Amino acid sequence: MRIFSKLTLSSELEQEFRLHYAHNSLRQIRAGAILGLAMIDSFAIYDYFYVPEAYLASWVVRFAYLTPVILLWLWSSYRPRFITHMQPISMVILILVGLGYLWMGLLAPPESMMPKFGGPMLLTLFIYTASKLWLSYASLAGWSVLLAHMTGLGLSGQLDGPTMVEGFIFFSAANLLGMIAAFQLERSFRRDFIQAKEIEIERNRSDALLLNILPAPIADRLKAHEAPIADGFEDVTILFADIVGFTQLSATLSPSKLVEMLDALFTQFDELSEVHELEKIKTIGDAYMAVSGLPEPNENHAENAARAALAMLQVTRDFIGPDGQQIKVRIGLNTGPVVAGVIGSRKFIYDLWGDAVNIASRMETHGLPGAIQVTETTFRILDKNFNLEARGLQEIKGRGRLETYLLLGEKSAGTPSS
């Protein structure tokens, strides 16, 4: 489905398009100004040798008028305001150049054999192509050049009636063809811009979806076609949170109410993870998994995870389920080394592996409702700035008896360490 159904743009996009076009046109405009200046002044040599009776008038107009006008255009292209006013400035400059041919016709002797249509015709061609003017500005400049030149020839008496009519028809046809060309060029530029914007919108949408799945540094590596993506981290803190009594709760709720409740709770967990610089890994049913200290290492990973866990616990105390029941969670924390990477090629996921992950999961499953249980490794890091309570040796499935602690809260300023 196309984002833009027409070539007309909103005022905001129109402004962006004009600025984009002006920036991309600067080099061509400057090159055209230099080339035009060289051609206008080089024809002075031709006039000197082949139109001796009119070369003085030609030189006055070329060097005293046309050259300064084109140099003004070239100079203005380096000014900051030129970008936002490129179209009217260029149009005015080209009309002034066209008026030069009026003065050239008025100053040249009536009997002179000065070429009548070559220079203005080249200028008309330049207006509708190399000047990068839109149709409206190009048309105004092109017809102004025609009128100025034909007025100059008419007032100077250099042409008879039939030749004047023939010249007018010739220039009018050139302008009409030029308008068609300018219209097609403008449509082409607009179409290219719209297609680029559509691609940009789709790319941003894809990037946003990718960032909802993967951490930003990992997403960048995946887009760079790096494979496999796997990193080892010596020291991170893993957080697991699980809803107490979820099986019984799910039996009493409709599927929509159940998903609505999980979405509301885990959305708050997502926000807390972002605030405390944790990376959400995944949700498994009613379990929420996050980690602090990767993919970018963070020396405060344990403290950040502890603050996030305390905030999640507070959220659940204020969270009421659909049936009015108070929701409780168990949270477990553990610190240690892990391997992190992307698995899968289609429905891929960024996941963690290692014994530290398994122990963190056990801290949650063997924890207490409405409490945060941490390992001794995490306790040693948190003890200085947090209040913890020893729970003693706990039988941990697959690990035997481990010393565990309950995280109670953060110490206030000035509270001595235990």
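Before moving on, here are some points about what is shown:
- Inclusion of LEU258 among residues that are of a type outside the set (Ser, Thr, Tyr), modelled with pLDDT under 85 and not in a loop (DSSP other than H, G, I, E, B) is warranted.
- The listed residues are VAL291, VAL236, VAL315, and the only one of them that is under 23 Å from GLN373 (Cα atoms), part of a helix (DSSP H, G or I) and hydrophobic (A, V, I, L, M, F, W, C) turns out to be VAL315.
- Within region 292-330, the only residue that satisfies the criterion of being modelled with pLDDT of 90 or more and over 39 Å from the mean Cα position of the chain (by Cα) is ARG330.
- Checked against the criterion of being crowded, with 18+ Cβ neighbours inside 10 Å, among the polar types (S, T, N, Q), closer than 19 Å to ASP41 by Cα and under 36 Å from the mean Cα position of the chain (by Cα), the candidates SER90, SER77, SER131 yield just one match: SER131.
Rundown of residues vs (1) under 18 Å from MET121 (Cα atoms); (2) touching a Ser or Thr at 6+ places or on another chain (Cβ under 6 Å), yes/no style:
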| site | (1), (2) |
| --- | --- |
| MET164 | yes, no |
| PHE168 | yes, no |
| ALA174 | yes, yes |
| ALA182 | yes, no |
| ASP192 | no, no |
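- In summary, PHE183 fulfils each of the numbered conditions (1) under 26 Å from the mean Cα position of the chain (by Cα); (2) at pLDDT 85 or above with the single exception of condition (1).
- Test: residue in region 55-70 that is basic (Lys, Arg), without any contact (Cβ under 8 Å) to a residue 60 or more places away in the chain and not in a helix (DSSP H, G or I): no
- Which numbered condition ALA306 misses (of (1) surrounded by fewer than 17 Cβ atoms within 10 Å (Cβ to Cβ); (2) touching a residue at least 60 places away in the same chain (Cβ under 8 Å)): (1)
- Close pairs from region 382-402: first in the same structural domain as ARG307 (by TED's automatic domain parsing), partner at pLDDT below 85 and assigned to a helix (DSSP H, G or I), Cβ under 6 Å, at least 6 apart: none
- Looking only at region 21-37, residues that are surrounded by 15 or more Cβ atoms within 10 Å (Cβ to Cβ) and under 14 Å from LEU133 (Cα atoms) come to 7 in all.
- Scanning region 157-197 for residues that are under 14 Å from PHE117 (Cβ atoms) and buried (at least 17 other Cβ atoms within 10 Å of the Cβ) yields GLN158, LEU159, GLY167, PHE171, ALA174, ASN175.
- Qualifying residue in region 107-118 (condition: within 24 Å of LEU185 (Cα to Cα) and either surrounded by 19 or more Cβ atoms within 10 Å (Cβ to Cβ) or at pLDDT 80 or above (or both)): no
The values are calculated or read from the model by the stated rules, or taken from the named source; none is laboratory data. Note that the structure is predicted; figures quoted are calculated from it, not measured. Glycine gets a Cβ as well: all are built from the backbone with ideal geometry, and neighbour counts include every protein chain shown.
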